[in-house]
Amino acid sequence: MLGRNSQYYSLFLLLVDAFVLILALTLAYVLRVQYDNRPLVADVYAFEYLGGLLVILPFWIGTFALLGLYSPSVYNRRLAEWGRVAAGSFVGILLILGWEFVSGETLLPARLVALYALVGSFLLIVLEREFLRALRTTLFRYGVGTSRVLLIGSGSALTDLAVNLADTKHSGYEIVAIAGPKRLVPDTLNVLHYPQVESALKFIDSNKITTIIQTDLYEQEERNQQILSAAQTRHISYNFIPGEPEFYTGKNTVDVFLGYPMISVSQTPLIGWGAIAKVIFDRVVSIILVILLSPVFLLLFITQKIFNPGPIFYVSKRLSQFSKPVALIKFRSMSSKYGKKDAAEEFRDMGREDLALEYEKNRKVANDPRITRFGNFLRRTSLDELPQLFNVVRGDLSLVGPRPILPQEAKFSRSRTALLHSVKSGVTGLWQVSGRSNLNFEERIELELFYAQNWSFWLDIKILFKTVSVVLFGRGAK
């Protein structure tokens, strides 16, 4: 079960592995060059040596990832992990030798450096991971980084799971509550018991549950949906261990957990390494864009002061991932006296009931009288959206994602909002580049839900390229 804590631990492992590999390669160089008086094959300065190896390091770490060394199914099993570390260390040395052969450059001052690096990288990585394993076990013992579990079921699998997960310092799971027949609750466990699942779901928040594991489906479909919905609306992990083979197929993650086949139901494919890659991509690209577009920002800053007196920026409270409030930054396009209340209220204050009704239906109006002439230019060219790059830099938004909604819009559909907010909101998204400007609010939400449920890195790239086309040629949704 790859929860949020496991993702963070995997990323931490990656960073520590990279540091340890640099340390092992440095020690290999020092041992041979500084403490061995025999002649060297080539004079390679330390700066050149480390510079070349830093180029190879991402490929070495990538090899570790391909070997599964950042997957819980591997790093939670000592012998499997040691074997893959040995294989990864060997492949890493081959990468260095292959780089020398292809580039014609010499990175290793002597052959023994490769041997020292091979042995050193293996030993240091193993020692590092054993230390982190011991540290993690200690933290689990004190409840740090553990998942608080609600177990739901009516069969023997429930008892078996409860017994195996009870050893928190090794499993990383803390059984907080069990919903099911009293006879299935092990006598050795001091946990909360709920005869009915509905009672257990009412206390998810007060019990601080972070993971729900269900071992049996109820005959009443609405009860199963109620459990899944309770997890999704709170953005906590939901895992189902089925007894019927029909559940082993589909788009969800299938794994074997404590000897039982288990399906992990994710709200979105944007989890694990995909989520990490998206965060890195967002930060790097947005910083580059802010630097490249700094002259445009300066020009708009000046022209805004001249043609649209008042505050340069308009900051609006919106909801992003997990319904977290963020301060959305835009160049102000409305008169400075507007934008402080809900648009429908402001239209009614202006005596424009027609615009209020249009806004309540579509969450936008075709001809907004609050927008200034220069503001209309900003909106028509999408330049008013540029400051949202700063939201991406500080982690509030992604470059691509659902439109960040207003707090009052969340009430329209709690379950749909929860699914929509399983991913971070974006500066641009699928509906903006759909090529259709007459979408109502419900149709836009459907497109954005499709994005959340069908995310891929390639889809993000396509949306970004289409966004450029929309801005340059004025096509797409407005």
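Under 17 Å between alpha carbons, and skipping anything fewer than 8 positions from residue 278 in its own chain: which lysines qualify?
424, 462
How high is the FRET efficiency from residue 77 to residue 360, r the C-beta distance, R0 51 Å, rounded to 0.05?
Values: r = 56 Å, r/R0 = 1.10.
Computed FRET efficiency for residue 77 and residue 360 comes out at 0.35.
For residue 44, what is the net charge nearby, where nearby means another residue's Cβ is under 12 Å from its Cβ and Lys, Arg count +1, Asp, Glu -1? Walk me through the numbers on the way to the answer.
Details: positive: 32; negative: 43, 48, 100, 105.
Once all neighbours under 12 Å are counted, the net charge is -3.
Throw me the Rg/Rh for the stretch 4-141, computed over C-alpha atoms with Kirkwood Rh, two decimals.
Details: Rg = 15.9 Å, Rh = 15.7 Å.
Here Rg/Rh amounts to 1.02.
If you take all C-alpha pairs in the stretch 85-156, what percent of them are over 16 Å apart?
Values: 1687 of 2556 pairs.
In whole percent, the long-distance tail amounts to 66.
What number comes out for the charge environment of residue 296, summing +1 per Lys or Arg and -1 per Asp or Glu over other residues with Cβ under 13 Å away?
Working: positive: none; negative: 384, 385.
Once positives and negatives cancel, what remains is -2.
Which whole-number percent of Cα pairs in the chain have a distance greater than 36 Å?
Numbers: 54095 of 114003 pairs.
Here the long-distance tail beyond 36 Å is 47 percent of all Cα pairs in the chain.
Counting residues in the stretch 284-402 as N, plug N into 2.2 N^0.38 Å and put the Cα Rg over that result.
Details: Rg = 15.3 Å, N = 119, 2.2 N^0.38 = 13.5 Å.
Output field value: 1.13.
Can you list which of the DSSP-assigned H helices in the chain have a Cα extent of 15 Å or more along the long axis and an average Kyte-Doolittle score of at least -0.5? All intermediate terms of the calculation are to be shown ahead of the outcome.
Values: long enough: 4-33 (44 Å, 1.36); 46-66 (29 Å, 1.67); 78-103 (37 Å, 1.03); 111-141 (45 Å, 1.02); 221-234 (20 Å, -1.40); 273-292 (28 Å, 1.96); 294-307 (20 Å, 1.61); 441-453 (18 Å, -0.29); 457-473 (24 Å, 1.63).
Long hydrophobic helices here: 4-33, 46-66, 78-103, 111-141, 273-292, 294-307, 441-453, 457-473.
Compute the semi-axes of the equivalent ellipsoid of the stretch 321-379, taking the square root of 5 times each eigenvalue of the Cα gyration tensor, and list them largest first in whole Å.
Working: eigenvalues 78, 57, 24 Å².
Semi-axis lengths for the stretch 321-379 are 20, 17, 11 Å.
If R0 is 41 Å, what FRET efficiency do you get for residue 47 and residue 202 from their C-beta distance, rounded to 0.05?
0.05
Rule-based calculations on the coordinates, nothing more; no lab input. Fair warning: this is a prediction, and the values are worked out from it, not measured in the lab. Every residue, glycine among them, receives a Cβ derived from its backbone with ideal geometry; neighbour counts consider all protein chains shown.
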